[in-house]
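The values are calculated or read from the model by the stated rules, or taken from the named source; none is laboratory data. None of these values were measured; they are calculated from a predicted model. Cβ sites come from the backbone with ideal geometry, for glycine too, and all protein chains shown count toward neighbours. Surface accessibility is based on the protein's heavy atoms, side chains included, excluding ligands, DNA and RNA. Shrake-Rupley method; radii C 1.70, N 1.55, O 1.52, S 1.80 Å.
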Amino acid sequence: SPKQSRYPGAETPKHPLPQPPEFAAMTGKTTPPAADPAPTAPKEPAPTPKKEPAPTPKEEPAPAPASEDPPAPEHPPAKEQPTAPADEPAPVPTTEATPAPEEGPPAPPAEPQAPAPEPKPEKPKAEPPSSPLSLAVEEVSENSVTLTWKAPEQTGRSGLDGYVVEICKDGSTDWTAVNQEPFLSTRYAIRDLSSGDKIHVRVKAVSASGASVPATLEQPVLIREILQLPRIRMPRYLRQTYVRRVGDAVNMMIPFQGKPQPKVIWTKGDQPLDTSRINIRNTEKDTIFYIREAQRSDSGKYELAVRINGAEDKATLDIRVIEPPGPPQNLKLLDVWGFNVALEWSPPMDNGNSEIKGYMVQKSDKKSGKWFTALERCTRTSCTISDLIIGNTYSFRVFAENACGLSEKAAVTSGVAHIKKTKTAYQPEKIPQRDMMEPPKFTQPLTDRTTTRGYSTHLFCCVRGFPQPKIIWMKNQMEIREDPKYIAMIEQGVCSLEIRKPSPFDGGIYTCKAVNPLGEASVDCKLDVK
């Protein structure tokens, strides 16, 4: 009977053909010799098979090629294997019954693997960008909401690829991206929303190194049409610090606008207001802030927010409650000299919650006991008081002043300043004696004159000398004595002679002569009468 082949179920042909070496490589066995060495019919030369790597059967794990398997030719021939009877059907080969991997040791790897390359040091991971800033709702309509934000502070080395906007319905945790690809604009309108829905919105900044921590709106946005966005109309006088005195009432009305009616929220330092002291009354168009009696503790910054769904407007009010300052500290009397006193002091411990504008200095003398203002507003903490009266004793006090007024109490000097009398003897200035004696000397001589008959005329000259010289008038060398026709005068060294209604007979040579104990001098002139 024909002998069974290497694989069960496959009958050995009567004239087996020589098996190519690739077959042995597939099975790992050598070809059994023929049973009868009878000559075989001549055959055509078998085509040389292409040398290709043997395919691995699907049922078996791929063994190594037989050419590299040294134990393969040492197996006994197939005829020594037990054979099945010819009339029995050959069993179906299975992956478990395949003897090839069981009979020989596991084949070595087909090719030696190349040594693995050394791992390169990992580069430090680039940090993702920071969160977008100032995310806010710009506009809400029946089926859309428009958002705005600012670029993140840090965008990373690779730069910013864009932003991704995500939404989530109120009560759900499923976030859905609205845009398919990142975009670089800082404004985005989410459309095709259902009216009446409440949605949460967040925005991420995306770069090559990853996505940032999302910036999320604090409150969900109600999708419905807003007829008018909220807006606070702050009065002009509240745009700067609002100053009130302790005990005064604080009453501020701040109008706003927005439809539907916005929600009004007052806070101080991110905390709700103390309703036991502060009364808030809101209407459709304004909000009223009222304190019956202000105290220093009411000072600070108050935040007002007017909100409609996700849109809001904010404003800050700065309120300062002031009171008079305390008295100055450590008033000292530094020095007293002549009519002057030097004072020095320190600023008050309590400025009344307002800047100190200056100090008022007053003095009081011991005789009257009344206080008089010496300096109305001194901006320094030292001063000098002058023009004090000799012999008086003075006390001094200082008030501090701020925007609320003068301090209720003053700092008073512990000591007094006594202005002493100084004894001085009058010593007249010694003037050197000068010899004033001088003989007569004419500084202005007589001049010739021509006059008309019947018209009075005057002759003038000037003389100096000490003692005062005696003046003698002469006509044609004859002394003029007590003649009513002539009037002679001298004043401050000026000599004059008046000739009343002269006639041609009065013409001639007139001489003025000055005489004193040191000497004499004379001048003359000619008078013509026509």
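Here are some notes:
- Most to least packed among 433-439, 159-165, 338-344 [average Cβ atoms within 10 Å]: 159-165, 338-344, 433-439
- Violating pairs (Cα-Cα greater than 18 angstrom) within the set 150/204; 357/409; 370/423; 367/420: 370/423
- Remark: segment 246-262, residue by residue, has Karplus-estimated 3J(HN,Hα) of 4, x, 6, 7, 10, 9, 10, 10, 10, x, 8, 9, x, 9, x, 4, x Hz, where x stands for each Gly or Pro and the curve is 6.51 cos²θ - 1.76 cosθ + 1.60 at θ = phi - 60°.
- Net lengthening on full extension, residue 227/residue 180 (0.36 nm per residue, minus Cα-Cα): 13.8 nm
- When the Cα atoms of segment 234-275 are aligned to their principal axes, the ranges along those axes come out at 39, 26, 16 Å in descending order.
- Solvent-accessible area, 1.4 Å probe, carbon plus sulfur percent, for segment 329-419: 47 percent
- Residues whose placed amide H lies under 5 Å from that of residue 299, excluding near-sequence neighbours: 321
- Theoretical FRET efficiency, 1/(1+(r/R0)^6), r = Cβ-Cβ of residue 216 and residue 267, R0 30 Å, to 0.05: 0.90
- Separation in nanometres of the label points that stand 7 Å from Cα toward Cβ, at residue 470 and residue 509: 2.3 nm
- Lysine pairs with alpha-carbon atoms under 15 Å apart, segment 228-322, spacing 8 or more or separate chains: 6
- Take the Kirkwood radius over Cα pairs of segment 134-236, plug it into Stokes-Einstein at 10 °C and 1.306 mPa s, and you get 108 µm²/s for translational diffusion.
- Segment residue 453..residue 377, full-extension length gain: 19.1 nm, with 0.36 nm per residue of separation and the alpha-carbon distance subtracted.
- D (Stokes-Einstein, µm²/s), Kirkwood Cα radius, segment 228-322, 1.567 mPa s at 4 °C: 95 µm²/s
- Using R0 = 35 Å, the C-beta based FRET efficiency linking residue 168 and residue 126 works out to 0.75.
- Peptides 512-521, 471-480 ordered by average Cβ neighbours within 10 Å, highest first: 512-521, 471-480
- Rounded to the nearest angstrom and listed largest first, the equivalent-ellipsoid semi-axes of segment 329-419 from its Cα gyration tensor are 24, 12, 11.
- Residue 179 long-range amide H proximity, modeled H, under 5 Å: 165
- Kirkwood hydrodynamic radius of segment 393-530, from inverse mean 1/r over distinct Cα pairs, in Å: 20.7 Å
- Summarising the strand pairing of segment 438-529, around 90 percent of its internal DSSP beta bridges are antiparallel.
- Probe 1.4 Å, accessible area per residue of segment 329-419, Å²: 57 Å²
- Separation between Cα centres of segment 476-530 and segment 311-382, rounded to whole Å: 83 Å
- With every protein chain in place, segment 133-223: carbon and sulfur % of accessible area (1.4 Å): 42 percent
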